1. Regarding Ala41, is this residue crowded, with 20+ Cβ neighbours inside 10 Å, not assigned by TED's automatic domain parsing to the domain that holds Asp349 and not in a helix (DSSP H, G or I)?
2. Only one of these is within 30 Å of Asp87 (Cβ to Cβ), touching a Pro at 6+ places or on another chain (Cβ under 8 Å) and in contact (Cβ under 8 Å) with a residue 12 or more places away in the chain: Ser294, Ser280. Name it.
3. Hey, could you check the range 179-222 for residues that are of a type in the set (D, E, K, R), over 21 Å from Asp149 (Cβ atoms) and surrounded by 14 or more Cβ atoms within 10 Å (Cβ to Cβ) and say which is nearest to the chain's Cα centre (by Cα)?
4. Quick one: how many residues across the range 75-94 are under 26 Å from Ala418 (Cα atoms) and surrounded by 23 or more Cβ atoms within 10 Å (Cβ to Cβ)?
5. Restricting to the range 379-406, count the residues that are within 16 Å of Ile57 (Cβ to Cβ) and assigned to a loop (DSSP other than H, G, I, E, B).
6. Where the second residue is surrounded by fewer than 23 Cβ atoms within 10 Å (Cβ to Cβ) and of a type in the set (S, T, N, Q) and the first is within 16 Å of Arg456 (Cβ to Cβ) and outside the structural domain of Leu244 (by TED's automatic domain parsing) and lies in the range 197-208, which pairs have Cβ atoms under 9 Å and are six or more apart or on separate chains?
7. Got a number for residues in the range 179-196 being without any contact (Cβ under 8 Å) to a residue 24 or more places away in the chain and assigned to a loop (DSSP other than H, G, I, E, B)?
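The values are calculated or read from the model by the stated rules, or taken from the named source; none is laboratory data. A quick note: this is a predicted structure, and the numbers were derived from the prediction, not measured. Positions of Cβ are backbone-derived with ideal geometry, glycine not excepted, and every protein chain shown enters the neighbour counts.
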Amino acid sequence: MIELKAFFQDAVGTNIRIGARFNNIVDIRACDNEDVNKEYATDKARFCYDGLNKKRITEPMVRDPSGNLVPYGWDEVLQICGDGLIDAGERVAALAGPFTDAETLTVTRDLLNILGSEHYYTEEYCDVNTDFRSHYLMNLPFSGVEYSDCVILVGINPRLEAPLLNLRLQHAFHDRKATIGIVGLKMNLGYRTHHLGASPDTISNLADGKHSFCEELFNAKRPMILAGGGIHARPDSTAFNLELQRLAETIRSNVKLESDEGIDYFFKNGIFNLIHSHASLPAALDLGWKPGASGIRKVKPDVLILLGADGRKVSRADLCNEYQIEGFSDHTTVIYIGTHFDAGAELADIVLPSCAYTEKSATYVNLEGRPQRTRPAVSPQGDAVEDWKVIQMLSEELHTTLPYETIQSVRHRMYQIAPNLVRIGFFEPNSFYDVGQQYNANHNRFETNNCRNHIRNDVVLKSNRRANIAADYWITDPITRNSDTMGKCVLLQEGGTFDHASSSYGNSYGSSYS
């Protein structure tokens, strides 16, 4: 059996060791990394690998007039795609899914720029100013969480959104006697917490020093705020984010650090920490991609490239226009580059097979902004090609070939755009926290610096993951949707038995492509 070190495609970037035999993955175990996941891995990371071999896209396909996907050769399908991209020109857009690697994001951005388009977006939405990394990352390293003595959780359930981060919070509670407050719905995290309120007004009261928790918060030596993706799903997300930043600045002004060295150095600019659910989002924002699929719906592109985007963030109703490639109906032509027959393939006119994270060398950035790199443990299935190479081959059909012949040349381009992406395993401290906060103050679009009048206090704060819905944790992407093991986990949590467990729980996309 061959064993290779890699990491699981979660937002934490769990380091794992993959065991493979005869090009099949037979085992995944945690790999020690004290800075990221210590010696732990979630059950989801360890046991969802059976979904990697089911309903895989193994050859290029084109949808015929009757609506069925028909196999094509690479040369034929690339020519069809190239003709469509040339005709569409600047009316081409791209949407990145949760597992899109930094190399693919880089090459896709350059391809769209050649066509005159800047319409590249991510599935996950993040309502912050992405010019500053301090606004969309954890500003504190994972290892620093254990040293915190006061934590405020805002619109997040770390037990479901980032279990390994929740483990570090548990260590902070037991070892440092940390006080942990929740702003949002009450939840069981495995340690004692203080419910501060579910209304956004709680944040304003904390920032104004009017809440009973303020004494504990402002006397803490190493406080931190941990916010989840739930804050971006709010109708008042812009105003609420500014208010949350105001609370972070108030806390920072009250903190008296013992020194400016060691772990205290990170806490100086690490008060505000944002958690995402997609492994691709930090790298995408570093590379200049725009967060959220709403831009796609506004642009209504003539050609849409889906990079493993299976979250149903766009539909045919969002893409209607009069453009068409000969042989297709009168709608936006969708090119799906991915691994599984899932929602993206269901929407697509053209399907191109790509490699899963276990089949390629690729770069990802985790929640804290730390770049990590995968290694291939098994060979690609069928005619699948690495994602960035697919984009490179598409560029050759435009008669303006991108200058990327090797993965090293792509990474050199990554270095030109975002130098931090090639510093593998290195946590880069945030040096522009003050600049970002000053930008917020100077570019506040509301009439006053106080955003309370623009916040919807009738909308409670809550996590994106629902604790009472098992599938919200176990079934979240094409791999887990095709995993028998994850399906059994859902059924057992819902009170079922193994006798009722069926394969590919929650995935109904494969039947029409067989």
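1. yes
2. Being within 30 Å of Asp87 (Cβ to Cβ), touching a Pro at 6+ places or on another chain (Cβ under 8 Å) and in contact (Cβ under 8 Å) with a residue 12 or more places away in the chain holds for just one of Ser294, Ser280, which is Ser280.
3. Restricting to residues being of a type in the set (D, E, K, R), over 21 Å from Asp149 (Cβ atoms) and surrounded by 14 or more Cβ atoms within 10 Å (Cβ to Cβ), the top hit is Asp201.
4. So the answer is 3.
5. Residues in the range 379-406 being within 16 Å of Ile57 (Cβ to Cβ) and assigned to a loop (DSSP other than H, G, I, E, B): 7 in total.
6. Taking only residues 6 or more apart or on different chains, not a single pair turns up.
7. 3
Yes or no, residue by residue, for (1) under 23 Å from Val314 (Cβ atoms); (2) hydroxyl-bearing (Ser, Thr, Tyr):
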position: Arg63; (1), (2): yes, no
position: Gly73; (1), (2): no, no
position: Gly84; (1), (2): yes, no
position: Tyr120; (1), (2): yes, yes
position: Thr130; (1), (2): yes, yes
position: Val145; (1), (2): no, no
